[in-house]
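Okay, so here's the structure we're looking at.
The values are calculated or read from the model by the stated rules, or taken from the named source; none is laboratory data. Quick caveat: nothing in here was measured; it's all calculated off a predicted structure. Please note: Cβ atoms are built from the backbone with ideal geometry, for glycine as well, and neighbour counts cover all protein chains shown.
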């Protein structure tokens, strides 16, 4: 299928990044959210991020103008349903995603492929909420979308080959690399990455090291560009905890038990960068470890 139009549901950090790269690649993009303020903020962020790319000579001014001109925002989910490819990019909560998908289905065009940007939730279960499980798959971007080169493509049990090849073509057109994954909890990246973050939380919880020593150990000892606790703050501690719950529930293995300290930070509302505090306190000029 030759995809020409893309609908993105959810104008948050991931949704606006997806709209950004799709528009620059030449797709007509419809960006949807329930919150008009979120839509306005997303459009402003996309313009700001594209301007930064112009400043770095990564794109031209003309490409920026053309890309911004391809993005339409809407509060009406029905407008998204007419797109050739729909990417659901709401918060990592299965109940919320199910409600969105069920509300979308009556408005879908016959040819529409439906995908989810979920980082861990079963594609097969999400697909069962639609009238087209064979045309449903996982389309998992990494954060921040304009910078990260990987997209995980996850087949549900019913996903057909035409759907996979159509989504693979989109990944290639936006200049990214696809990693094909089967539908198991966490897929590839988060199956490996988030338990590492959870283990760093246990290392902190048990007093093996403090925040600075744990992050420095992994940056300098394992050549990671960012320490695991700093990375957790960047991802969002609530998202990390949600993924650990998915792994623990889905794989029934105690090695995926969420660290109690991670749960405590989330309960306190210390969710990382987006909340101003997590394993680091971001309210000053320089991030300061909270432990």
>> Being buried (at least 21 other Cβ atoms within 10 Å of the Cβ) and not in a helix (DSSP H, G or I): is that true of residue 207 here?
In response: no
> Which ranges mark the strands (runs of 3 or more DSSP E) fully within the stretch 105-204 that have 3 or more residues being buried (at least 16 other Cβ atoms within 10 Å of the Cβ) and outside the structural domain of residue 46 (by TED's automatic domain parsing)?
Replying inline: none
> Could we say that residue 231 is without any contact (Cβ under 8 Å) to a residue 40 or more places away in the chain, in contact with a helix residue (DSSP H, G or I) (Cβ under 7 Å, 6 or more places away or on another chain) and either in the same structural domain as residue 12 (by TED's automatic domain parsing) or within 22 Å of residue 152 (Cβ to Cβ) (or both) here?
Replying inline: yes
